[in-house]
1. Which of the numbered conditions does Tyr152 fail, given that it passes all the others? Conditions: (1) surrounded by fewer than 15 Cβ atoms within 10 Å (Cβ to Cβ); (2) under 30 Å from Val313 (Cβ atoms); (3) among the aromatic types (Phe, Trp, Tyr).
2. Could you tell me whether Tyr311 is in contact with a helix residue (DSSP H, G or I) (Cβ under 7 Å, 6 or more places away or on another chain) and among the aromatic types (Phe, Trp, Tyr)?
3. If you scan the stretch 187-239, which residues turn out to be assigned to a strand (DSSP E or B) and closer than 22 Å to Tyr292 by Cβ?
4. Kindly indicate the residue of the stretch 262-277 that is surrounded by 19 or more Cβ atoms within 10 Å (Cβ to Cβ) and either aliphatic (A, V, I, L, M) or modelled with pLDDT under 95 (or both) and also nearest to Phe122 (Cα to Cα) among those meeting that condition.
5. Contact list please: Cβ distance under 6 Å, first residue in the stretch 207-234 and acidic (Asp, Glu), second residue surrounded by 14 or more Cβ atoms within 10 Å (Cβ to Cβ) and outside any helix (DSSP H, G or I), pairs at least six apart or on different chains.
6. Take the stretch 150-200 and flag every residue that is touching a residue at least 12 places away in the same chain (Cβ under 8 Å) and small (Gly, Ala, Ser).
7. Do we have Ser115 as at pLDDT 85 or above and not β-branched (Val, Ile, Thr) here?
8. Would you please name the residue that is farthest from Asp198 (Cα to Cα), looking only at residues in the stretch 248-267 that are without any contact (Cβ under 8 Å) to a residue 24 or more places away in the chain and not acidic (Asp, Glu)?
Amino acid sequence: MKQEQVFLCESCGSIMEFDVKSQTLKCPHCGLSIQINHYEEQIIEHPLTIKAKQRMTVEEKETKTIQCQGCGAKLEVEQFDATIECPYCGSHYVIADMQEDGIIPDGVIPFRIDSNKLKEIFRNWIKKRWFAPNALKHLYQRDKYIGVYVPYWTFDAKIHCPYRGRGGRHRVERYRDSKGNEQTRTVIDWYPVTGVMDTFFDDIQVPASNRFQDELLEGIEPFSFQGLKSYSKEYLSGYVAENYSVALEDGHEEAKTEMKIQLENMAYEDILKRYDCADVIQISPRFSKETYKYILVPIYATSYHYKNKTYQVVVNGQNGRIKGEYPKSPVKITAMIIVIMLALLGIYMFSETDSKKEIGNTELNIEQQVVYRKVEVEQTALYTIDKKIENQLGGVVWDYFQDNLQM
């Protein structure tokens with residue numbers, strides 16, 4: 001077996017590691033930096049019509065595959081690592097060598113998020129987890145995150161896709177209801193539709209690892225391929241790299257499923273260009289010029305145990321997007337329910353008070369209107385009597401409201 005190559009500092013002899021800020025190999029002791037020499041030629045896309053084969057023999061492989069005795073995860077690590085904390089199960093087992101056939105990645109996306117930024121990201125994330133136990137909120141202080149290069153398959157395909165469906169147009173019609181009253185309603189007139197789409201899918205990303213839950217990886221995808229570099233083992237120095245555990249054929253089927261979903265959406269949008277609403281009945285894609293490549297993407301992972309259950313949190317090492325699992329505190333959930341119930345009760349009581357005030361004001365207004373009306377009636381009656389007296393007294397009138405005589 002060929003001996004594993006490590007990168008020793010020319011100044012002090014320490015093992016050099018990949019530095020995120022400078023994107024170089026850097027000695028953690030004396031600070032010496034060395035530029036990484038990666039190939040500038042275009043990263044190869046392999047024809048998918050040829051069955052995936054081992055592209056490098058075990059003796060030529062530049063990494064050592066090891067297996068966690070806790071959960072069975074296969075990892076790529078440096079030669080001198082005898083123990084390591086598994087990023088998937090959190091175990092500190094002594095990991096056994098497991099040199100096996102494998103393929104060298106075509107490319108790698110280097111880490112862009114350093115440890116200081118990582119702590120800030122996790123601290124902000126955990127602060128927003130209101131229902132998390134208080135003990136969890138101190139996790140970021142324990143430096144539990146591990147940088148892992150996770151394998152991904154990417155797939156390209158040229159697609160010719162006939163489709164059929166139906167397009168609908170809205171129309172307003174008049175009708176009479178059960179009582180004989182005339183009403184209006186909107187109906188849809190459907191028409192058969194066919195069409196053809198020609199498109200190209202580039203770099204559909206499919207995880208080649210089954211160590212993470214799908215929703216976790218989906219929460220931090222996609223990775224930008226603008227940062228993709230041709231593979232160089234220097235990028236892995238100081239990090240863990242996982243070997244693929246999802247077969248190429250399985251990854252291809254998952255990619256085709258994703259492409260079909262996007263094709264259905266494209267057909268739906270195409271019908272909507274001509275109609276008010278759409279319904280896609282069938283798509284018949286034909287795939288050609290299919291290619292694939294095998295790459296490594298940067299992910300920070302941590303796992304922790306709480307009440308005999310393991311939880312995972314992952315961070316996109318390229319852009320800092322975070323997704324994680326966390327336990328919910330029953331005490332905090334109960335307290336929140338009580339607060340919500342009290343708030344609703346307060347709103348209800350306040351609305352009831354306002355309603356009573358409105359009813360009281362309404363009753364007062366009615367009483368005032370009755371009084372005013374009574375006064376108006378009395379004034380009208382007195383005015384009528386005054387007129388009669390005026391006629392009888394020859395113009396002398398008693399003003400009952402001013403208490404004097406008008407002469």
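The values are calculated or read from the model by the stated rules, or taken from the named source; none is laboratory data. All values derive from a computational prediction rather than experimental measurement. No Cβ is skipped: glycine too gets one built from the backbone with ideal geometry, and neighbour counts run over all protein chains shown.
1. Looking at each condition in turn, Tyr152 falls short on (1).
2. no
3. Asp198, Thr199, Phe200, Phe201, Asp202, Asp203, Ile204, Gln205, Val206, Pro207, Lys229, Ser230 - these are the residues of the stretch 187-239 that are assigned to a strand (DSSP E or B) and closer than 22 Å to Tyr292 by Cβ.
4. Leu263
5. Pairs found: Glu234/Leu25; Glu234/Ile36.
6. Ala157, Gly165, Gly167, Gly168, Gly195 - these are the residues of the stretch 150-200 that are touching a residue at least 12 places away in the same chain (Cβ under 8 Å) and small (Gly, Ala, Ser).
7. Judged against the criteria, Ser115 is a match.
8. Among those residues, the one meeting the criterion is Thr257.
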